[in-house]
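To start, the structure under review is shown below, and the notes come after it.
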Amino acid sequence: MSDFGHSVGFRNEIWAEISRGAAKGGIVVPHRNQRGRFAGLYIASRSRFQRDYIGVGSIEELKEYIKKGYSIRMSPRDCGGAPSLVAPESIKGWR
């Protein structure tokens, strides 16, 4: 585990650092959907297409999908930015 994750207070959480764009250096965390078919759920997927989305109910279950190579929809921790699909190799805190 990186010292970075520990220093900002989410050592045991799933997170990723934004690597490019205006928000570079920001933190994203798993996005819990508010509406629609996946309301209240996190999303794991092998592609960016909604037809491939899998609704996941808990962080522990989400970690199992990351281990299997699934990407996770994540959104900025501190502001209401749009969620993005983040590849497992970019995700921290789940190992």
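Each value in this text was obtained by applying a stated rule to the coordinates, not by laboratory testing. What you see is a predicted model; the values in this text were computed from it and never measured. With ideal geometry, Cβ positions are generated from the backbone for all residues, glycine too; neighbour counts draw on all protein chains shown.
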Note to self: Kirkwood Rh of the range 37-95, Cα pairs, one decimal, Å, is 11.7
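Contour minus end-to-end for N33 and S75, with contour as 0.36 nm per residue of separation and end-to-end as the Cα-Cα distance?
Using 0.36 nm per residue and subtracting the Cα-Cα distance, I get 14.1 nm.
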For the residue pair S84 and K24, what label-to-label distance in nm results when each label sits 7 Å from Cα along the Cα-to-beta-carbon direction? 1.2
Could the peptides 24-34, 48-58 be put in order, highest first, of the mean number of other beta-carbon atoms found within 10 Å of their residues? 24-34, 48-58
